1. Taking every residue in B:43-49, how many Cβ atoms of other protein chains lie within 10 Å of its Cβ, on average?
2. Compare the Cα positions of B:16, A:100, B:90 along the charge dipole of the protein assembly as shown (+1 at Cβ of Lys, Arg; -1 at Cβ of Asp, Glu; about the Cα centre) and return the one farthest towards the positive end.
3. Relative contact order for the stretch A:6-92: what percent, with Cα pairs under 8 Å and sequence separation of 6 or more?
4. Okay, helix-only estimate at 222 nm for chain A: each DSSP H run of n ≥ 4 adds -39500 (n - 2.57), divide by all residues, round to 500 deg cm²/dmol; what do you get?
5. How would you order B:145-156, A:77-88 from highest to lowest mean count of nearby Cβ atoms within 10 Å?
6. Give the order of A:95, B:27 when sorted by the count of other beta carbons within 10 angstrom, beginning with the fewest.
7. Let me know the shape class of the protein assembly as shown, please: from the alpha-carbon gyration tensor, a ≥ b ≥ c as square roots of the eigenvalues, rounded when a/c is under 1.5, otherwise prolate if a/b is greater than b/c, or oblate.
8. Within 10 Å of each Cβ of B:55-63, how many other protein chain Cβ atoms are there on average?
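Please treat every number below as a calculation from the coordinates, not as lab data. Quick caveat, the model's predicted, so the values are computed rather than measured. Glycine gets a Cβ as well: all are built from the backbone with ideal geometry, and neighbour counts include every protein chain shown.
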Amino acid sequence: MSVVPISYYLALSAILFGLGVVAFVFKRNIITIFMAIELMLNAVNLAFVAFARAWNQLDGLVFVFFVIVVAAAEAAVGLAIVITIYQNRRSLNIERVDLLKF
Amino acid sequence: MSLPFILFFVFALISVGGALLLILAREPIHSALALILVMMSLAVLYLMLGAEFIAAVQIIVYAGAIMVLFVFVIMLLNAGTEERTDFSKIAKYAGLPLGIFLLLELAHWMAHSLIGKTPANGAGSANVMVSTRDLSMQLFQKYLFPFEATSILILIAILGALVLAKRDE
């Protein structure tokens, strides 16, 4: 099935990661910024699976499994933080959360 | 153009389009749906790479559980249209070109790297699906300790989320 060269998958992974960075920088909504992080994690997962395939090693797939688990934990804590920020600031705009801004 | 190539390009285009939609959408709920689109097409790509278990986990955990959590929070906080603030000049004139440059640079070098010459089915494994049995053997033998550690991590995450989201009396 997989006659597509591995480089295609890696290029797609790089493009998705770049788009995730762009979304992370340019979005103003805290929830959307979180989604940009998830997008970057997904792009990295694609690279992991592609490399695991290329070298015929299962370790890459196990790593993807762990990345997904950690992403789930991160999403739970992160969204709890988002809820707390919303309760304090009554806004989801990242510009309103600038207490640590120099 | 053989079938795998067509499938790859269709789902690569869908995922890149979904990522663009995530950036361009004004409503957070549209961004969330676009991200689900990206995850679904990535699951198909995992299937093409022979990782059927990872594809299933991608759909069940990522597109299922995590994104439901996101959509639920968006609904709970009643997140409406994103407020547009004017970007700083640095972000506009230096950040965007540099970001696009990074994107193209990464894609270029990934596509021309040494590993890029290897076909995706690896040495000696012609068109085999990775069996979930082998994967679980790895997971529960070689990676048993990290696996158990993640369960503690999730437990701590649950407690942290509860403590954070609890309303102060």
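1. Going residue by residue through B:43-49 and averaging, the value is 6.
2. Toward the positive end, the furthest listed residue is B:90.
3. So the answer I get is 28 percent.
4. -27000 deg cm²/dmol
5. Averaged packing, sorted descending, gives the order A:77-88, B:145-156.
6. A:95, B:27
7. In terms of gyration-tensor shape, oblate.
8. Counting other chains' Cβ atoms within 10 Å and averaging over B:55-63 gives 3.
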